1. Given the residues 111, 82, which is the only one that is of a type in the set (D, E, K, R) and either modelled with pLDDT of 90 or more or assigned to a strand (DSSP E or B) (or both)?
2. Residues 50, 70: which one is touching a residue at least 12 places away in the same chain (Cβ under 8 Å), in contact with an Asp or Glu (Cβ under 7 Å, 6 or more places away or on another chain) and among the hydrophobic types (A, V, I, L, M, F, W, C)?
3. How about the range 42-67: which of its residues are among the small types (Gly, Ala, Ser), more than 19 Å from residue 21 (Cβ to Cβ) and surrounded by fewer than 17 Cβ atoms within 10 Å (Cβ to Cβ)?
Amino acid sequence: MRSKALLLLFAVPLAFAQTARTLPAGSGIRATLDTPLSTRTSLPGDRFTATIDDPSLPGARLYGEVAAAAGKTATLDLRFRELILADGMRIPLAARVLSVMDARRPRDAKEKKQKEKDVNLPASSPLTVRLDQPVTLPTNNPR
């Protein structure tokens, strides 16, 4: 009986190691914003989503919230709180925007005077999100 218990103790960590993978802190994840955000309309606490653009996480989405939005300083601080896999599994995470490829700023002088301090992120804006902490994913999501 004791040998069976020891076998189970060693088999559980081995099984877990084979069924999960970890994305390290500092990893970048490319995603596309689903929800338009702007310093003119977004408020702290507003929630938004982004679809992950990575074949190793098909159908996965990031859920986040606006941490700060200030038109006077053109600040839009976004925090990501959860990863939802295609199968519905929810994984808590801590991440923030590393870069935005398509932030819309005023284009001409007239528009610049009107919207000098506005940051506008339309839906479909490509983002790179940086993980603040490691995230463990089940391997049933192919690499």
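1. Values: 111 fails: either modelled with pLDDT of 90 or more or assigned to a strand (DSSP E or B) (or both).
Just one listed residue meets the conditions, 82.
2. Details: 70 fails: in contact with an Asp or Glu (Cβ under 7 Å, 6 or more places away or on another chain).
Criteria check complete, one pass: 50.
3. To start, the set of residues in the range 42-67 that are among the small types (Gly, Ala, Ser) comprises 42, 45, 50, 56, 59-60, 64, 67.
Restricting the remaining residues to those that are more than 19 Å from residue 21 (Cβ to Cβ) gives 42, 45, 50, 64, 67.
Result: 45, 67.
The values are calculated or read from the model by the stated rules, or taken from the named source; none is laboratory data. Predicted model, so just to flag it, every value in this text is computed and none were measured. Using ideal geometry, Cβ is built from the backbone for each residue, glycine included, and neighbour counts are taken over all protein chains shown.
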